[in-house]
Amino acid sequence: MPYIQSDGASLYFEAAGTGTPIIFAHEFSGDLWSWEKQIQHFSRHYHCIAFNARGYPPSEVPVSPSRYSHKKAVDDVAIVMRHLKVSKAHIVGCSMGSRTTLDFGLRYPRMAMSLTMIGIGSGGDPRDAEAFKLAAEARAKLYEESGLAEVLKGLRKADNRIQLKRKNPRAFEDFCRRFMNHSEQGCAHITRQVMARRASLFSMEKALRAMKTPAHVVVGDEDPGAINSGLFMKRVCPAVRLSVVPATGHLVNLEEPDLLHSMTEDFFALVESKKWRPQGK
């Protein structure tokens, strides 16, 4: 198996295709295989790289909570790229991976050709910091005390995920099956150390207004948390292009892969041809 060592954790990765690189960062409840349809599609013309974040087998699941943080998650992307001798890439993320994508673009702007963020900000509004932290702690304890099967019961009924089950039952069952390969302790650590401790997206207006990297925010219209975040980003950041996908929940890449591919190819083409322009330019 191919692994990359990154600050106290070995990260499992897969790569396919040749050409301009794309780095895929997965969501909290998914893994690198959540991107299979995108890798199959884009690897015809691009060098596609996906990896499991620390805490997601077969990547290492560090025992110590200190081995997890949002900064480490962002730095892991840079370390993967450097290991594979990728100096610059399109960065594509979903949910948790979208926030990693955004902060990678802010921390390592010279390494990001573009940022594509699917479902960013879904799962709660951390402007109410105390309530957000309490909810995160409750989720972490659910993983530790009840296990993956109990968590999955809730995911199967989640409003922003039920559309995948309706549209593509086979893809939904594959998602559920892969979820059971996660680590309870890894998910608990990530919830406490990454999700609960990163700064609120809504506190980042100054950084977003200054961001120059071409950005595409993609949200489903049945994912209200992501819609609110997407509208905020579009309002404050001239670099953001916002796409709202109808009758779609949180997992746009799984629910509407063909539409996502078309929109993303158009965005990439504008960036690569240097015809992309920020709002008002």
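Among the residues of the range 236-244, is there at least one that is part of a loop (DSSP other than H, G, I, E, B), in contact with a Leu (Cβ under 7 Å, 6 or more places away or on another chain) and surrounded by 15 or more Cβ atoms within 10 Å (Cβ to Cβ)?
Among the residues of the range 236-244, at least one is part of a loop (DSSP other than H, G, I, E, B), in contact with a Leu (Cβ under 7 Å, 6 or more places away or on another chain) and surrounded by 15 or more Cβ atoms within 10 Å (Cβ to Cβ), which makes the answer yes.
Checking the conditions here, which among 2, 65 is free of Cβ contacts under 8 Å to residues at least 40 places away in the same chain, surrounded by fewer than 21 Cβ atoms within 10 Å (Cβ to Cβ) and more than 22 Å from residue 253 (Cβ to Cβ)? Can you show your working first?
Values: 65 fails: free of Cβ contacts under 8 Å to residues at least 40 places away in the same chain.
From the options 2, 65, the qualifying one is 2.
Taking the range 155-202 as the region of interest, how many residues are surrounded by fewer than 18 Cβ atoms within 10 Å (Cβ to Cβ), aliphatic (A, V, I, L, M) and under 28 Å from residue 129 (Cα atoms)?
The qualifying residues number 4.
Among the listed residues 136, 140, 129, which satisfies the condition of being small (Gly, Ala, Ser) and at pLDDT 95 or above?
Details: 136 fails: at pLDDT 95 or above; 129 fails: at pLDDT 95 or above.
The conditions single out 140.
Within the range 206-228, which residues are out of contact with any helix residue (DSSP H, G or I) (no Cβ under 8 Å at 6 or more places or on another chain) and small (Gly, Ala, Ser)?
Kept after step one, since they are out of contact with any helix residue (DSSP H, G or I) (no Cβ under 8 Å at 6 or more places or on another chain), are these residues of the range 206-228: 206, 210, 223-228.
Those that are out of contact with any helix residue (DSSP H, G or I) (no Cβ under 8 Å at 6 or more places or on another chain) and small (Gly, Ala, Ser): 210, 225, 226.
So residue 228 ticks every box in (1) in contact with a His (Cβ under 6 Å, 6 or more places away or on another chain); (2) modelled with pLDDT under 95; (3) not in a loop (DSSP other than H, G, I, E, B) but one. Which box is left unticked?
Every condition holds for residue 228 apart from (1).
Might you let me know whether the range 171-182 holds any residue that is touching a residue at least 24 places away in the same chain (Cβ under 8 Å), under 23 Å from residue 67 (Cβ atoms) and among the polar types (S, T, N, Q)?
Within the range 171-182 (the criterion being touching a residue at least 24 places away in the same chain (Cβ under 8 Å), under 23 Å from residue 67 (Cβ atoms) and among the polar types (S, T, N, Q)), the answer is yes, since at least one residue qualifies.
In the range 205-222, which residue that is over 15 Å from the mean Cα position of the chain (by Cα) and in contact (Cβ under 8 Å) with a residue 40 or more places away in the chain is nearest to residue 158 (Cα to Cα)? Explain how you work it out, then say what you get.
Looking only at the range 205-222, we keep the residues that are over 15 Å from the mean Cα position of the chain (by Cα), and these are 205-214, 221-222.
If we keep only those that are in contact (Cβ under 8 Å) with a residue 40 or more places away in the chain too, we end up with 207, 211-214, 222.
Details: 207: 32, 211: 33, 212: 35, 213: 33, 214: 31, 222: 11 Å.
Once the filter is applied, the top-ranked residue is 222.
Being without any contact (Cβ under 8 Å) to a residue 40 or more places away in the chain and buried (at least 20 other Cβ atoms within 10 Å of the Cβ) is the filter here, so list the residues in the range 5-38 that pass it.
Correct list: 32 only.
The values are calculated or read from the model by the stated rules, or taken from the named source; none is laboratory data. This one's a predicted model, so the numbers in the text were calculated from it and none came from an experiment. So basically every Cβ, Gly included, is an ideal-geometry build from the backbone, and we count neighbours across all protein chains shown.
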